[in-house]
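The values are calculated or read from the model by the stated rules, or taken from the named source; none is laboratory data. Since the structure is predicted, the reported quantities are computational estimates derived from the model, not experimental observations. Cβ coordinates were reconstructed from backbone atoms using ideal geometry, including for glycine residues, and neighbour counts include every protein chain displayed.
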Amino acid sequence: MIATQNLTFSYSSEKNFSFPDFSCADRETMLILGKSGKGKTTFLHLMALLLKPTGGKIQINNQEISDFSVSTAADFRAKNVGIIYQKPHFVHSLSVMENLLLANYLAGRSQAKDLAKHLAESLGFAEHLHKKTTQLSQGEQQRVSIARALMNKPSVILADEPTSSLDDDNCLKVVDLLKKQIEEIGASLVVVTHDQRLKDVVEKRINL
Amino acid sequence: MNLLKISWSNLKDKPLTSFLSILLMALGIAIISLLLLAGKQLEEKFTRNVAGIDMVVGAKGSPLQLILASIYQIDAPTGNISLDEANRLTRNPLVKSAIPLSMGDSYQGYRIVGTNEKYLQHFEAEYEAGKVFSGAMEMVVGSKVAKNLELKVGDTFASQHGFDKEGDVHEEKKFKVVGILKNTNSVLDQLMVTPLESVWAVHDSHHEEEVGKGANALKLLEEDNITDEEHHHEEEAKEITSMLIKFRNPAMGMMMARSINQNTTLQTASPAIEINRLFALMGFGIDTLKIIALVIIIVSGLSVFVSLYNSLKERKYEMALMLSMGASRTKLFFLLLLEGLIISTIGFVFGVVLSRLGLWLMSKNVEQNFHYDFNVLSLLTEEFWLFLGALFIGLLAAAIPSLGIYKIDISRTLADE
């Protein structure tokens, strides 16, 4: 689960953000809708501990994480938070399989080849495991980045505009896949987006 | 999945850039390594052969030529001197030992040296088969000659005049192999040794032949000497090419050498002085090549620097991604350092292999022309330092751009794209 209270952040004295409180239980999906410039990505980065909030609290699995030091935060993030970025980015020189195992390696976990294969099968890119990521289509790449976010069986998955570059068909497929996966590993899913198509498929949502 | 694998993948991902960096490193290392090897082996050969010889006496001419011909057997002799005159010198109490040498004939490109047993003792020669010569026309063969010409004890053959294979063949007198030497790692391995008497015997009959038939410069030189006034009233005037002398006291010997140069028709040369002169001449060329090699290695470092610097700009997002996935900055810094180290190490290995290949080719060539060989496989201690140097350059070239890792703003970099 993940929850925030009175979260604020400022890039400069003119650019202040304050974010609404929310809480998202295990196996639940939370949609955070907002137009560009509303601080969607900032909100996500705060939850991911990539930015340190100027005020407020964040809990993941009932643990207060907003006051973690940089290195503790990095370790905690690697083990408990899976992030799916707007554009699927990978380590260019590595194969799909290696990019998946990289998540285990960098989190200091043993490299779960079987899990990677299982995820690749259920997300439908099993035949691409040994290709370079650049050889895959945009939709396929997005599915690989979902698999990567799941490699450490995190308690929270944060997705930043995961569907914005996908057509309607793929958009719904991706959300479906994500929901299925969090069901399987018992994680919370927080999706930050401006994509109105997702309103109809996610029950819990807040607006920025 | 580990750092080494990621580094390696990154290098493989840019094959041309990596290849260029490795190639430059390998070339620089190869040149330095080759110079070190060749210089070391040449010096070793030169000093080993010179040991125990303080002075060489021969006909007037270039002192360096006299040394190269008499000690290293790689240049043409300066001419002949009278045995009587040479013998007179050996009676000087300063002279501890004197070994007469008579060169000018060869067999299949290998030099025949007329001398006495002392020459073999000088190299502490041991016998693989047979024994030392006991009379004229008997021959003891160096290990390399025996191996390359497949000579055995009891074989007979006729020598040729001069050092090239087209020289006149002395058909009427045949040599007989009586001994085959063990390897001495000296010039002796490439020689065929026979008593002085053999050389005189071969050439006594030879003198009656017409001059000009297949004559080469050496033959003419020799016969010019013979047709001097002595030729008529003393048919048996014995000649040798040079004499290797060891003094009881080298310092006093130098005075004797000066007196010989001034008062006789003979010339003396000090091996130590002449070889130092030769190395000084070569040293300039070697230093220049070393500088060129060093520049190549530095350019290789620059190439690593530029490629890492550029790729780091391209891979900024990748780095931020890995940071967000739990990698520490130090870990990524090492990841990039590793790329420099891998290039240095591969470059060094290729460079060393390349230098051995170069030396091998060189020694093939040298052996064909001079019957001098090089030992190709030994690793030098200097090369260990060279390896550390290469690693240092790779490390430095990688470290400077890699420091950029510590400046990446993870959140901003990830949000920007």
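Do any residues in the stretch B:44-65 that are modelled with pLDDT of 80 or more have Cβ atoms under 7 Å from those of residues that are among the basic types (K, R), where the two are at least six apart or on different chains, and which pairs are they?
B:G52/B:K246; B:I53/B:K246; B:D54/B:K246; B:L64/B:R277
List the residue pairs whose Cβ atoms are under 6 Å apart, where the first residue sits in the stretch B:82-98 and is assigned by TED's automatic domain parsing to the domain that holds B:P250, the second is assigned to a helix (DSSP H, G or I), and the two are 6 or more positions apart or on different chains.
Every condition considered, the pairs that remain are B:L94/B:M252; B:L94/B:G253; B:L94/B:M256; B:A98/B:T90.
For the stretch B:237-252, give me each residue that is outside any helix (DSSP H, G or I) and of a type outside the set (F, W, Y).
Within the stretch B:237-252, B:A237, B:K238, B:E239, B:I240, B:T241, B:S242, B:M243, B:L244, B:I245, B:K246, B:R248, B:N249 qualify.
With respect to the numbered conditions (1) under 24 Å from B:S328 (Cβ atoms); (2) among the hydrophobic types (A, V, I, L, M, F, W, C); (3) more than 9 Å from chain B (Cβ to nearest Cβ); (4) out of contact with any strand residue (DSSP E or B) (no Cβ under 7 Å at 6 or more places or on another chain), which one is the sole condition not fulfilled by A:F90?
(3)
I'm told B:A76 meets every condition in (1) touching a residue at least 24 places away in the same chain (Cβ under 8 Å); (2) closer than 24 Å to B:N185 by Cβ; (3) within 25 Å of the chain's Cα centre (by Cα); (4) surrounded by fewer than 19 Cβ atoms within 10 Å (Cβ to Cβ) except one. Can you identify the failing condition by its number?
(2)
Residues to consider are A:S69, A:S165; find the one that is out of contact with any Ser or Thr (no Cβ under 7 Å at 6 or more places or on another chain), surrounded by fewer than 21 Cβ atoms within 10 Å (Cβ to Cβ) and closer than 18 Å to A:H45 by Cβ.
So the residue among A:S69, A:S165 that is out of contact with any Ser or Thr (no Cβ under 7 Å at 6 or more places or on another chain), surrounded by fewer than 21 Cβ atoms within 10 Å (Cβ to Cβ) and closer than 18 Å to A:H45 by Cβ is A:S69.
If you scan the stretch A:113-124, which residues turn out to be surrounded by fewer than 21 Cβ atoms within 10 Å (Cβ to Cβ) and either touching a helix residue (DSSP H, G or I) at 6+ places or on another chain (Cβ under 6 Å) or more than 16 Å from A:E98 (Cβ to Cβ) (or both)?
A:H118, A:A120, A:E121, A:S122, A:G124
Check the stretch B:10-29 and report whether any residue there is at pLDDT below 90, touching a strand residue (DSSP E or B) at 6+ places or on another chain (Cβ under 7 Å) and over 18 Å from B:I393 (Cβ atoms).
no
Could we say that B:F348 is buried (at least 18 other Cβ atoms within 10 Å of the Cβ), at pLDDT 90 or above and assigned to a helix (DSSP H, G or I) here?
When the stated conditions are applied, B:F348 passes them.
Restricting to the stretch B:390-417, and then to whatever is of a type in the set (S, T, Y) and within 54 Å of the chain's Cα centre (by Cα), can you tell me which residue is nearest to the other protein chains (Cβ to nearest Cβ)?
Looking at residues that are of a type in the set (S, T, Y) and within 54 Å of the chain's Cα centre (by Cα), I get B:Y406.
Just checking: which of the strands (runs of 3 or more DSSP E) contained wholly in the stretch A:4-84 hold 2 or more residues that are modelled with pLDDT of 90 or more?
Result: A:22-24, A:29-33, A:55-60, A:81-84.
Does B:A320 satisfy being out of contact with any strand residue (DSSP E or B) (no Cβ under 9 Å at 6 or more places or on another chain) and crowded, with 20+ Cβ neighbours inside 10 Å?
yes
Give the residue that is nearest to the other protein chains (Cβ to nearest Cβ), with candidates limited to residues of the stretch B:2-22 that are surrounded by fewer than 19 Cβ atoms within 10 Å (Cβ to Cβ) and among the aliphatic types (A, V, I, L, M).
B:L3
Residues being surrounded by fewer than 18 Cβ atoms within 10 Å (Cβ to Cβ) and of a type in the set (A, V, I, L, M, F, W, C): count how many of those fall in the stretch B:287-317.
Looking only at that region, the number is 9.
Quick one: how many residues across the stretch A:101-141 are of a type in the set (A, V, I, L, M, F, W, C), assigned to a helix (DSSP H, G or I) and farther than 20 Å from A:V175 by Cα?
5
Among the residues of the stretch A:141-152, is any hydroxyl-bearing (S, T, Y), at pLDDT 90 or above and under 30 Å from A:D75 (Cβ atoms)?
Yes, the stretch A:141-152 contains a residue that is hydroxyl-bearing (S, T, Y), at pLDDT 90 or above and under 30 Å from A:D75 (Cβ atoms).
Quick check on this structure: which one of B:G52, B:G58 is surrounded by fewer than 19 Cβ atoms within 10 Å (Cβ to Cβ), over 17 Å from the mean Cα position of the chain (by Cα), more than 14 Å from chain A (Cβ to nearest Cβ) and not in a helix (DSSP H, G or I)?
Unique residue meeting the criteria: B:G52.
Could you give me the residue pairs with C-beta distances under 7 Å whose first residue belongs to the stretch B:338-364 and is touching a residue at least 12 places away in the same chain (Cβ under 8 Å), whose second residue is surrounded by fewer than 21 Cβ atoms within 10 Å (Cβ to Cβ) and small (G, A, S) wherever it lies, and which are 6+ apart or on separate chains?
Listed pairs, sorted by first residue: B:L359/B:A38; B:M362/B:A38.
Quick check on this structure: which one of A:V192, A:V144 is in a helix (DSSP H, G or I) and among the hydrophobic types (A, V, I, L, M, F, W, C)?
A:V144
Mind checking whether some residue in the stretch B:133-149 is closer than 20 Å to B:W200 by Cα, buried (at least 16 other Cβ atoms within 10 Å of the Cβ), touching a residue at least 40 places away in the same chain (Cβ under 8 Å) and under 24 Å from the mean Cα position of the chain (by Cα)?
Within the stretch B:133-149, one or more residues are closer than 20 Å to B:W200 by Cα, buried (at least 16 other Cβ atoms within 10 Å of the Cβ), touching a residue at least 40 places away in the same chain (Cβ under 8 Å) and under 24 Å from the mean Cα position of the chain (by Cα).
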